[in-house]
Structure formats: C-alpha cells, structure tokens
Amino acid sequence: MLRKDWDDLAEGQKGDWYFNDSKNGPYITIRYGDDKFDVVTIPITTAPKQDRNWLWDGNKESPTITPSIRIPDGEGQPDKWHGWLTDGKIITV
C-alpha cells in the first residue's frame, strides 16, 4: 500500500512503500519484512537507458520494479530478503 512518508511506512505493514525524491532522482522505500526497520530504499527510473539500477513502471498505486531486489546479509550468509515488488505486491523468492 502506498504510504506518504517514513513515519507512515513505520505504521504500516510488510509490502507497503513510499516514494521520495531527492536531487539525485526518485527513490522508492519498500518494507520487505514485518519489523518497521525491514526496509530498503532503491533508486528508480521510468527510462530504461538511464544510469539507475531499477526500472519502475510509473504506477504509484500498484508499482512494479524490475529486476528483483536482493538484500544481502553479509558474505557467506543467506540474504535478508530477495524478491520483487510486482503490481504493488511483495513476492519473496
């Protein structure tokens, strides 16, 4: 579910997100876990040839981000989380 900011996201649940802009471009912050600190912020773009890692479909209400998002937990350890945000839903690998 789309949230308005960090504080609103902290009150939300797994699978929620919010968009934030900075001088470096747009970002999306996604809550991938049950804890309010299980979040990741990634740079996004709607233009596939820009120097950004994740392509966003432009939909704020039910966004799709590609490729998958991987949050490592240190060398030799399993990932904290790996999955997708597709049509506004978190899909865990």
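The values are calculated or read from the model by the stated rules, or taken from the named source; none is laboratory data. Since the model is a prediction, treat every value here as computed from it, not as a measurement. All Cβ positions, glycine included, derive from the backbone under ideal geometry; neighbour counts span all protein chains shown.
Taking the conditions (1) of a type outside the set (Phe, Trp, Tyr); (2) closer than 22 Å to Asp7 by Cβ; (3) part of a strand (DSSP E or B); (4) in contact (Cβ under 8 Å) with a residue 40 or more places away in the chain in turn, Gly83 satisfies each one other than (2).
Matching residues to (1) exposed (fewer than 11 other Cβ atoms within 10 Å of the Cβ); (2) closer than 19 Å to Gly88 by Cα; (3) charged (D, E, K, R); (4) modelled with pLDDT under 90:
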residue: Gly25; (1), (2), (3), (4): no, no, no, yes
residue: Lys36; (1), (2), (3), (4): no, yes, yes, no
residue: Ile44; (1), (2), (3), (4): no, yes, no, no
residue: Leu55; (1), (2), (3), (4): no, yes, no, no
residue: Gly58; (1), (2), (3), (4): yes, yes, no, no
residue: Ile69; (1), (2), (3), (4): no, yes, no, no
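Just one of the listed residues (Ser68, Ser62) is part of a loop (DSSP other than H, G, I, E, B) and among the hydroxyl-bearing types (Ser, Thr, Tyr), namely Ser62.
Under the condition of being among the small types (Gly, Ala, Ser) and either touching a residue at least 40 places away in the same chain (Cβ under 8 Å) or at negative phi (or both), the residues counted in the range 38-77 number 3. Number of residues in the range 37-59 that are more than 17 Å from Met1 (Cβ to Cβ), of a type in the set (A, V, I, L, M, F, W, C) and not in a loop (DSSP other than H, G, I, E, B): the value is 4.
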